[in-house]
Amino acid sequence: MRKNIILIGLLLLTIMFTGCKPLEKIMYPTKRSYEFDRIADQLVKDMNQKNNKDLVKYFAKDVRSKYGTDEIIQELEKMEAYIGTIKKYNLEEGGKSGHRGGLGETIVNWEFVFYTDKGIYLAHVNWSDGDDRKGIKNKRYRDTQGIERMGAYAKDLVYDKNGKIIDPYLTSSLAAIDFPVQYPNSDRPRD
């Protein structure tokens, strides 16, 4: 009995001094395994530091395979130049896509308001929790976790100074860009 208490005490001390990194690695094996609101600060930091090699790792693996990691990095650089340096931001969950039967891919739309050195920008990130139709230990589940789409546009392109909508179709025209990084001056093809 006394040995068990000592072992438990040593285990608790080890966890206290080493942190929860080993446990966190088991629960979140990739950057895309986290819930989006836990990584939003790091994403903004990576955008400001132009750390696109790290930022692109948050995109779902199937998205990177389809469009190409280098291509996504190039578009991230253009989007970062478009919005400038982020001074502060607000983040809200904008809604979820649903599916019946409890299995499938849930996409959560996260909405940012970026206050930058160039003005105020609205941005969205579509974050997939993974397609679990074949189980959570399946490769498809891991490959579909992460950012599906990310877009940004100046607030004054949509709203006037009184808060009235100028262009209600801007967001749908952004969504028509057939690429995971979207911004108004993108030269990517549209549907």
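Structure notes:
- Scanning region 32-61 for residues that are open to solvent by less than 90 Å² (accessible area, probe 1.4 Å), outside any helix (DSSP H, G or I) and closer than 22 Å to PHE114 by Cβ gives TYR34, ASN51, PHE59.
- Filter result (open to solvent by 40 Å² or more (accessible area, probe 1.4 Å), more than 18 Å from ALA40 (Cα to Cα) and either in a strand (DSSP E or B) or acidic (Asp, Glu) (or both)) within region 106-119: ASP117
- Any hit, region 63-82, residues being in contact with a helix residue (DSSP H, G or I) (Cβ under 8 Å, 6 or more places away or on another chain), among the aliphatic types (A, V, I, L, M) and over 21 Å from THR144 (Cβ atoms): no
- Residue tally, condition within 16 Å of PHE36 (Cβ to Cβ) and in a helix (DSSP H, G or I), over region 62-103: 1
- Enumeration of residues in region 124-166 that are assigned to a loop (DSSP other than H, G, I, E, B), open to solvent by less than 80 Å² (accessible area, probe 1.4 Å) and either among the β-branched types (Val, Ile, Thr) or modelled with pLDDT of 85 or more (or both): THR144, VAL158
The values are calculated or read from the model by the stated rules, or taken from the named source; none is laboratory data. What you see is a predicted model, and the numbers here were worked out from it, not measured in a lab. Don't worry about glycine lacking a Cβ; one is built from the backbone with ideal geometry, like all the others, and counts go over all protein chains shown. Surface accessibility is based on the protein's heavy atoms, side chains included, excluding ligands, DNA and RNA. Shrake-Rupley method; radii C 1.70, N 1.55, O 1.52, S 1.80 Å.
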